[in-house]
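The values are calculated or read from the model by the stated rules, or taken from the named source; none is laboratory data. All figures in this text were calculated on a predicted structure; none of them were measured in a lab. Counting neighbours? That spans all protein chains shown, and the Cβs are built from the backbone with ideal geometry, glycine included.
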Amino acid sequence: MEDVIIIGAGLSGLSTAFQLKKAGISLKILEAQNRLGGRIVTIYGNYQTPMEMGATWFSKEHKHLLQLLKELNISYFEQHTEGVALFETMSFEPPQQYFVPANTYSAYRVQGGTYSIVEALYQILGKGSVVLNTEIVEIVDEGKSLKITDSLQNDFLCKKLIIALPPQLLINTIRFSPALPQAVSQVMQKTQTWMSGSSKFSVEYKKPFWKENGFSGSVYSQSGLATEIYDHSNFENTKFAIKGFLNGSANHYSFEERKDKVIAQLKHYFGNKAQDFESYNDKVWNDKYIQSINVTFLPPHFNNGHPVFEESFMNNKLFFTGTETTHIFSGYMEGSIIASNSIATKVSKIIKK
């Protein structure tokens, strides 16, 4: 029997495990997918350009994340914004241009890709600490322990359980015996999941022609499929890409249709060189690992940080963490770290009593 089991090997689950390991607590992480990282997904193009399909940016106000990066010896750099930026209100009118000076300190990115955080945490935790392809379907209170059952009917036992999944997703995919209080279930059902339904794209190029022509790469459009566009070159400025967000209609198009529309939009902004790309990738965040079948529209951050997420259940054996569970920087990586640090401290104290 484990002291602690954590469900979910995203940033929240891994950073919670990291803090518990430092406190000398034995643990195991169960992950439904065949990969680590959750909403952190770094892919590499034909020229090995690191491109983020998930969590990307953070700011100097994100003190807990910065502390974790320091502890893991991971470097970061300022998002490139210098140059002419574009703002497009209507497709039939030329975009408005404005100049952004250097060193605006608007946002930062992780050197080598955000997945570097996941890799560093995994190396510290050890290969045996995570079990992939383990989709949890039921949690039963057996008195002194909790029994956790996966979709293949494998059972795991623990003294304390921490669930690091988006609340709306977990309440629609995991059965609890006895059931969670109805008021708690209702809050979870109406807690907005950050990035659920959103879409990101990235286009890799041999050369940063936009910067060479004085453009920053930043575009904000109210008419195109791509609504926000940014330079996505690496720290060394040796690998080049443009990345951004697609609007809510993206999932109605095929991959090829999205690619054609994005490239046409980039050509409209930056000229014919935009057609000479090396790779195009995108990700629509609507699979079963982030979006439940009972999903309903909720405003951003709706019920994020609700007081019920601070409580424990199943006789003080069940706890929740994740970026949606904190009212401070919810939806950001910083929120994940704040929530993880808090729950790890709480559970460690209980176990060591």
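Scan the range 315-331 for residues that are on the phi < 0 side of the Ramachandran plot and either of a type outside the set (Lys, Arg) or surrounded by 24 or more Cβ atoms within 10 Å (Cβ to Cβ) (or both) and report the count.
Just the residues of the range 315-331 that are on the phi < 0 side of the Ramachandran plot, to begin with: 317-321, 323-328, 330.
Going one step further and asking which of them are either of a type outside the set (Lys, Arg) or surrounded by 24 or more Cβ atoms within 10 Å (Cβ to Cβ) (or both), we end up with 318-321, 323-328, 330.
Of the residues in that region, 11 qualify.
If only one of 118, 84 is in the same structural domain as residue 216 (by TED's automatic domain parsing) and not acidic (Asp, Glu), which one is it?
Matching residue, one of 118, 84: 84.
Can you pull out every residue in the range 59-104 that is over 21 Å from the mean Cα position of the chain (by Cα) and β-branched (Val, Ile, Thr)?
Correct list: 81, 84, 89, 100, 104.
Assess whether residue 77 counts as being surrounded by fewer than 16 Cβ atoms within 10 Å (Cβ to Cβ), touching a residue at least 40 places away in the same chain (Cβ under 8 Å), touching a Phe, Trp or Tyr at 6+ places or on another chain (Cβ under 6 Å) and not acidic (Asp, Glu). Write out each step before concluding.
Working: surrounded by fewer than 16 Cβ atoms within 10 Å (Cβ to Cβ): yes; touching a residue at least 40 places away in the same chain (Cβ under 8 Å): yes; touching a Phe, Trp or Tyr at 6+ places or on another chain (Cβ under 6 Å): yes; not acidic (Asp, Glu): yes.
Yes, satisfied.
Contact list please: Cβ distance under 7 Å, first residue in the range 312-331 and at pLDDT 95 or above, second residue among the hydroxyl-bearing types (Ser, Thr, Tyr) and assigned to a loop (DSSP other than H, G, I, E, B), pairs at least six apart or on different chains.
Listed by first residue and then by second, the contacts come to 318/312; 319/312; 323/330; 323/332; 324/191; 324/193; 324/330.
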